[in-house]
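The values are calculated or read from the model by the stated rules, or taken from the named source; none is laboratory data. Note that the structure is a prediction, hence the values are computed from the model and not measured. So basically every Cβ, Gly included, is an ideal-geometry build from the backbone, and we count neighbours across all protein chains shown. Ligands, DNA and RNA are excluded from the accessible area calculation, which covers all protein heavy atoms including side chains. Shrake-Rupley method; radii C 1.70, N 1.55, O 1.52, S 1.80 Å.
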Amino acid sequence: MLNALVTNLAAGDEAKNPILPQWYDIIWSALWFLIILIVVWKVALPRLNKMLDERSAAIEGNIAKADEAQKQAEAALEEYTRQLAEARTEAGEIREAAREDGKKIVAEAKDTASSEAARITASAHTQIEAERQAAFVSLRSEVGTLAIDLAGGVVGETLSDDKRASAVVDRFLADLEASETAAK
């Protein structure tokens, strides 16, 4: 092209401008430009718009799904929090009931132990009193027998009348008990 420019200048052909193309080049270039523009406008642009619309719809669908998933997650979290609060409340109630039951069991055990101790103590007192009475009767008869033997040895005769001897011993022991209670 540079060669043509130099040749045209040297030839003195001033009518032709080397920068401007020929009219037939401009017409054919414009025609091809219009054909390419129409093909792009009618074929490529609708396909591109369709692809962009599908992509936009997919993105919006994914956003909607994400929003729905987020709402479900928030609802699940709220449900979990509510259930956790209920479980904590129920656990507190169970602990409190267990404490109350424990207190009742301890109180019942104390009452049972106290009544059992009182029963055992009363039984022991009754048994001790019965044994004391038995010992008293046994000692009384032995003291009476000894007293009669000693009295017989002092008097020099045996006291063979059991009723009389028993009456003497009873009177002697009654006097002894009376003097003992008077001394206290």
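Surface analysis of the stretch 34-101 yields an accessible area of 89 Å² per residue, using protein heavy atoms and a 1.4 Å probe. Here the dipole of the stretch 33-159 is about 1100 debye; that uses its Cα centre as origin and unit charges on the Cβ of Lys and Arg (positive) and Asp and Glu (negative). The distance between label points at residue 88 and residue 147 comes to 8.6 nm (points 7 Å beyond Cα on the Cα→Cβ vector). Neighbours of residue 59, meaning other residues whose beta-carbon lies under 11 angstrom from its beta-carbon, give a summed charge of -1 when Lys and Arg score +1 and Asp and Glu score -1. Charge tally for residue 176 (other residues, Cβ to Cβ under 12 Å; Lys, Arg +1; Asp, Glu -1): -2. For a paramagnetic label modelled on residue 115 (point 7 Å from Cα along Cα→Cβ), amide N atoms under 12 Å away belong, within the stretch 95-109, to 108-109.
Here the dipole of the stretch 58-104 is about 320 debye; that uses its Cα centre as origin and unit charges on the Cβ of Lys and Arg (positive) and Asp and Glu (negative). With the simple model of a label 7 Å out from the Cα in the direction of the Cβ, residue 80 to residue 123 spans 6.2 nm.
Stretching the chain fully between residue 58 and residue 168 yields a gain of 26.7 nm (0.36 nm per residue, less the alpha carbon separation).
Summing +1 for each Lys or Arg and -1 for each Asp or Glu among the other residues whose beta-carbon sits under 15 angstrom from that of residue 118 gives 0.
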